[in-house]
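These notes are about the structure you will find just below.
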Amino acid sequence: MKLQPMIENQILSTMGKIVPQDQVKEIFILGSVTGYQYDDDSDIDVNLRVPDALITPEAHVIRKKLNGQIAFNTKHTINYFLQPYEKASNWQDAYFGVYDVLNHAWVSSPKDNSTIRDPKQEFYFDLMFGNQMLEYFRSLVKKWQKQKNKKNPTSHDIELTKQFFNDAKEYAQYIDSQRKLEYKWGWGIPRKNWRNVIYKLIEHSDVGEAFEYLKEIKDPNDPPNMELQ
């Protein structure tokens, strides 16, 4: 089975609005839509592997706006993710289904569901640790937001706002850098590694928007000008 041409064209066309098509090194589809958990409305998770310089806050803004489109003649929602490309991925031994869009072929066929465990059991200790890290990051974000929302701030207040902003930014970028360690090992999507479990836990939390913003800041002098609730 291969990806329907209409859906493939839809993915490629939309992708070009996020990053230049000729700069995309690899395109993989992963997730429940490729395996035994498939359903009629399973999401199509499209992972775009591109040079790190193209993974910018602006690209993420566009990506998020385009996420959620429905694939032609289906109930499948398409979501795009940007991943840094450093070397060709080695997916042949992956334990989950991986479809290579550019080469129109399965790189790894989905494995039998008898090997799958309940995620809450499999990642029990990772989630315990992750919830502690999430709570700490949440406290940093709230501390920063409370400080920056002070009315008639003094010069001392402004300095504290910068300090709290930098504390939250550094922690977000630490979490992000830990996850990226896995990419250097050749897998690209380290789904089962504890670093990825913690990353996903924070990304999908109530402070996920702040996390996405803070982890992408490149310039240490970039002003904290995003309004977060």
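The values are calculated or read from the model by the stated rules, or taken from the named source; none is laboratory data. Quick caveat, the model's predicted, so the values are computed rather than measured. Neighbour counts are summed over all protein chains in view; Cβ atoms, including those assigned to glycine, are modelled from backbone coordinates with ideal geometry.
Given the criterion at pLDDT below 90 and of a type in the set (Ser, Thr, Tyr), identify the matching residue among Ser89, Ser139.
Going through Ser89, Ser139 in turn, just one is at pLDDT below 90 and of a type in the set (Ser, Thr, Tyr): Ser89.
If we scan the range 108-120, do we find a residue that is at pLDDT 65 or above, crowded, with 17+ Cβ neighbours inside 10 Å and touching a strand residue (DSSP E or B) at 6+ places or on another chain (Cβ under 7 Å)?
Yes, the range 108-120 contains a residue that is at pLDDT 65 or above, crowded, with 17+ Cβ neighbours inside 10 Å and touching a strand residue (DSSP E or B) at 6+ places or on another chain (Cβ under 7 Å).
Can you tell me which residue within the range 47-77, out of those that are assigned to a strand (DSSP E or B) and at pLDDT below 90, is surrounded by the most Cβ atoms within 10 Å (Cβ to Cβ)?
Asn47
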